[in-house]
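The values are calculated or read from the model by the stated rules, or taken from the named source; none is laboratory data. Since we're looking at a predicted model, the values are computed, not measured. Cβ: placed from backbone, ideal geometry, glycine included. Neighbour counts: every protein chain shown. Please note that ligands, DNA and RNA were not included when accessible areas were found on the heavy atoms of the full protein model with its side chains. Shrake-Rupley method; radii C 1.70, N 1.55, O 1.52, S 1.80 Å.
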Amino acid sequence: MTLAFAILGDSIAYGQGAARPADTIGNRLATDLGRHGTPVDLHMYAIPGADSRGLAAQVQRAAAARPDLALIIIGANDLTHLVPPHQAAALLGDAVRTLRAAGTEVVVAPAPDLSVVPWVPPAMRAAVQAGSRFLQQEQARAAIAAGARVADIGGSSAGRFAADPALFSGDRFHPSSAGYAVITDALTPEIRAAAEAARSTRAR
């Protein structure tokens, strides 16, 4: 049984900074699922530079195809574009509800901890971390209420990014191929669980 797997969100979802397509989150997750007996047909809807205000258009395209499984990675640009957290969270909740109504199992990765980005001045790190965490919490609440699974990539991966500059690409903002491997590892448990739920639904 091959599942349709949609990737939505921003440049991290898209894979900007990866050295090759195989290193992106979507392709890494697709490979992992295939190795564990769940082949997927990957569809990319994510757009570099997108924030939560652009999710509705992505979701409209994705939902029309009725994917079995969807991953939404969003939030970094909401922080840099100063989108109010309550607005970003509400828009994410709307996106999840639309996909769930289409029969899709949804996994959400909220905003990363931007305080670990190399170009953030040390004096600003505490404030950036607090802002990142607040948005993460608001997004997680909205996503769970709308029926999504939430993968905490910010909390589980931030320390590794802070300690290893090699996890960033040359622009010192987006992950490198090695960085995408770290993020994928954090996403994998929830993606596998969602894929199993989608398989069960399809088998009925």
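Quick look at the values:
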quantity	calculated
Per-residue ³J(HN,Hα) for the stretch 44-51, Karplus 6.51 cos²θ - 1.76 cosθ + 1.60, θ = phi - 60°, Hz, x for Gly and Pro	9, 10, 5, 10, x, x, 6, 10
ILE47 long-range amide H proximity, modeled H, under 5 Å	GLY9, ASP10
Residues whose placed amide H lies under 5 Å from that of ASP41, excluding near-sequence neighbours	LEU3, ALA4, PHE5
Taking the stretch 1-145 and dividing mean pair separation by its residue count, relative contact order in percent (alpha carbons under 8 Å, at least six apart)	24
Label-point separation in nm, ALA65 to ARG172, each point 7 Å along Cα→Cβ	3.7
Helix 177-203 axis, angle to the chain major axis (alpha carbon atoms, nearest 10°)	20
Local net charge near ALA195, Cβ-Cβ under 9 Å (Lys/Arg +1, Asp/Glu -1)	-1
Accessible area expressed per residue, the stretch 116-204, with surrounding protein chains retained (probe 1.4 Å, Å²)	50
Rounded tilt (10° steps) of 25-35 against the dominant C-alpha axis of the chain	40
Simple spin-label estimate for ARG35 and ALA57 in nanometres, 7 Å along Cα-Cβ	3.6
The stretch 24-59: trypsin sites (Lys or Arg not before Pro) in DSSP coil with no more than 15 other Cβ atoms inside 10 Å	none
Summed side-chain charge close to LEU82 - residues other than LEU82 whose Cβ falls under 13 Å, Lys, Arg +1, Asp, Glu -1	-1
Extension reserve of the ALA163-GLN87 stretch, reckoned as 0.36 nm per residue once the Cα distance is removed	24.2 nm
Between helix 85-101 and the chain: long-axis angle, C-alpha atoms, 0 to 90°, nearest 10	10
Karplus-derived HN-Hα couplings along the stretch 37-43 (A = 6.51, B = -1.76, C = 1.60, θ = phi - 60°), whole Hz, x at Gly and Pro	x, 10, x, 10, 9, 8, 10
